[in-house]
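I'd like to ask you about the structure that follows.
We did not get these values from a lab; they are worked out from the coordinates using the rules stated. Note that the structure is a prediction, hence the values are computed from the model and not measured. FYI the Cβ positions are ideal-geometry reconstructions off the backbone, even for glycines, and counts take in every protein chain you see.
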Amino acid sequence: MPSRPDVSILLPVHNGVEYTEACLRSIYPTVSLESQQVDGAPPAEILIYDDRSTDGTAQLLERERDRVRTIRGNDRGSFAINTNRLAAEARGDYLVMLNNDTLVRPGWLEGMLAVARAHPDAGIVGNLHVFPERPESISPGE
């Protein structure tokens, strides 16, 4: 993997260890990390800001230390504040902000990167959120 990843995935968390674990498990097969190469997947790093979690989040992040870089906060912040803290540590050319309850699908990142590269003047590229409990959420504009 190059010394500078294409993407820095920023994941602020506070508790919800089961969500964070599921999120990470969905991300791993879709990116190439320094510790785990995935053919054809974009080089990426995963940064997690642990916002004083009191559940098993610290233990999960310790187990995942070879695949994620964790910053532990001393005070509570908001999603925006903690994402900015992560962005200051990011090495990637592109920043991807996720909530810890996000489950990604194969190809999720390549599509956003293709749009970002095709439109270098764009400041933000968004994604489509699909909520399994609301099938109508699959159609944009509804």
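Please find, within the range 1-48, the residue that is farthest from the chain's Cα centre (by Cα) out of those that are closer than 17 Å to Ala90 by Cα and acidic (Asp, Glu).
Top of the filtered list is Glu34.
Taking into account only those residues within the range 49-63 that are surrounded by fewer than 19 Cβ atoms within 10 Å (Cβ to Cβ) and not aliphatic (A, V, I, L, M), which is nearest to Ala88 (Cα to Cα)?
Arg52
Okay, moving on. Hey, among the residues in the range 8-35 that are of a type in the set (S, T, N, Q) and in contact with a helix residue (DSSP H, G or I) (Cβ under 7 Å, 6 or more places away or on another chain), which one's surrounded by the fewest Cβ atoms within 10 Å (Cβ to Cβ)?
Residues of the range 8-35 of a type in the set (S, T, N, Q): 8, 15, 20, 26, 30, 32, 35.
Add one more test, that the residue is in contact with a helix residue (DSSP H, G or I) (Cβ under 7 Å, 6 or more places away or on another chain), and what stays is 15, 20, 30.
Numbers: Asn15: 16, Thr20: 26, Thr30: 18.
Ranking the qualifying residues of the range 8-35, first place goes to Asn15.
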